[in-house]
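Peer 1: Dropping the structure in here first, questions after.
The values are calculated or read from the model by the stated rules, or taken from the named source; none is laboratory data. Model, not experiment: these values are computed from the prediction. Counting neighbours? That spans all protein chains shown, and the Cβs are built from the backbone with ideal geometry, glycine included. Please note that ligands, DNA and RNA were not included when accessible areas were found on the heavy atoms of the full protein model with its side chains. Shrake-Rupley method; radii C 1.70, N 1.55, O 1.52, S 1.80 Å.
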Amino acid sequence: MDKISIIVPCYNEEKALPAFYRETGAAVREIDGAECEFIFVDDGSRDHTADILESLSASDRRCKYLSFSRNFGKEAAMYAGLQNASGDYCVFMDADLQHPPQLLKEMYHVLKTEGYDCCAGLREDRTGENKLRSILSRTFYKIIRKTCKLDMGDGKGDFRMMNRAMADSVLELKEYNRYMKGIFSFVGFDTKWIPFHNVERTAGETKWSLRSLFRYAVDGILSFSSAPVTMAGTTGALLILAAVITGAWALISGSGLTGIPLLVCLILMLNGVQMFFISILGQYVSKDYMESKKRPIYIVKKKVGFSKT
Ligand code: UDP
Ligand code: MG
């Protein structure tokens, strides 16, 4: 019998957890051929989340939990959950029932019968979400699609079930600044997307302020792209070009490269050159930063015909 590890990061989720356990428990009972374990990660909650998890683990041996010493963030909680999961399949779920448990059965079925390594939920809409937040999120995903050559998009979240091979590959990326959506895309493997509609969280409040979302977005871009450094270089080159055009125009028009045209030309040239070299310096720093993450150089999905020794 297969085992599915359901990994649930929880930060102040005392209001949502009872409904989550009830509904997800009912959904997994519908899955034939697999049993499940719940890996709850209490991410330094300041409410009664830990007490609820304690009583769940006392009454149901499938429920396990670990408690962080303080709030380390959802990324850290997902990593810790995955490290402690022993299932043949692992799935990440939010505690607020925004990831419909009814999809678990279909996800497992897809992995078992269709040859995919991962089956992920694709949130089709943002109904019930704050308008400003929706607009900012959409803009962020547009930027990230242009700057990082990875398959990350609006609605492609953390709700996904993966096989052991993919889970182990995700664990191989041990970087401190984690951005799971980028990591899933980085490790590759075949993913099937199944659409679902957004629902409002069952109880409690979102843990993300606009400020924390912005910081998360910047982290995401910096972890997977050096585009901002390249942008500085391009701006520098454009300033140098503008200086040359200003100078040439002053000479051609006969006004001579003196006075204000000379001043403008010098300012553009000096700033351009400075920016250009800062960007070169940035390229070295960003290469070193990527090296320091010690990401695997490649990830093998299958190996055929090699001796076992
Ligand atoms: N979460 C966490 N640590 C945090 C913030 C959030 O473990 O610092 C968990 C939270 O308990 C929930 C999931 O991450 O299970 C998603 O959080 P939330 O629902 O607040 O995010 P949203 O759905 O609003 O993006
Ligand atoms: Mg939520």
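Peer 1: Scanning segment 186-203 for residues that are out of contact with any strand residue (DSSP E or B) (no Cβ under 9 Å at 6 or more places or on another chain) and open to solvent by 40 Å² or more (accessible area, probe 1.4 Å), which turns out nearest to R164 (Cα to Cα)?
Peer 2: If we take residues in segment 186-203 being out of contact with any strand residue (DSSP E or B) (no Cβ under 9 Å at 6 or more places or on another chain) and open to solvent by 40 Å² or more (accessible area, probe 1.4 Å), then F186 is nearest to R164 (Cα to Cα).
Peer 1: Of everything in segment 291-309, what is touching a residue at least 24 places away in the same chain (Cβ under 8 Å) and aliphatic (A, V, I, L, M)? Give them in sequence order. Full working, then the answer.
Peer 2: Restricting attention to segment 291-309, the residues satisfying the condition of being touching a residue at least 24 places away in the same chain (Cβ under 8 Å) are 293-296, 299, 301.
Answer for segment 291-309, where residues must be touching a residue at least 24 places away in the same chain (Cβ under 8 Å) and aliphatic (A, V, I, L, M): just I299.
Peer 1: Something else now. From the list R126, R145, which one is touching a Ser or Thr at 6+ places or on another chain (Cβ under 8 Å) and either within 16 Å of ligand 2 (Cβ to nearest atom) or within 18 Å of S225 (Cα to Cα) (or both)? Can you show your working first?
Peer 2: Numbers: R145 fails: touching a Ser or Thr at 6+ places or on another chain (Cβ under 8 Å).
Checking each option against the conditions leaves just R126.
Peer 1: Moving to a separate point now. Filter segment 1-24 down to the residues that are surrounded by 18 or more Cβ atoms within 10 Å (Cβ to Cβ) and in a strand (DSSP E or B), then identify the one that is farthest from ligand 1 (Cβ to nearest atom).
Peer 2: I4
Peer 1: Can you tell me which of (1) away from ligand 1 (no atom under 14 Å from the Cβ); (2) open to solvent by less than 20 Å² (accessible area, probe 1.4 Å); (3) in a helix (DSSP H, G or I) is the one C119 doesn't meet?
Peer 2: (3)
Peer 1: Among what's in segment 92-105 and is open to solvent by less than 10 Å² (accessible area, probe 1.4 Å) and within 16 Å of ligand 2 (Cβ to nearest atom), pick the residue that is nearest to R126 (Cα to Cα). Please lay out each step first, then the result.
Peer 2: Taking segment 92-105 as the starting set, the residues that turn out to be open to solvent by less than 10 Å² (accessible area, probe 1.4 Å) are 92-93, 95-96, 101, 104.
Subset that is within 16 Å of ligand 2 (Cβ to nearest atom): 92-93, 95-96, 101.
Working: F92: 20, M93: 18, A95: 18, D96: 15, P101: 18 Å.
Filtering first and then ranking leaves D96.
Peer 1: In segment 61-97, what residues are over 13 Å from V8 (Cα atoms), away from ligand 1 (no atom under 14 Å from the Cβ) and either in a strand (DSSP E or B) or touching a residue at least 60 places away in the same chain (Cβ under 8 Å) (or both)?
Peer 2: The answer is S86, G87, D88, Y89.
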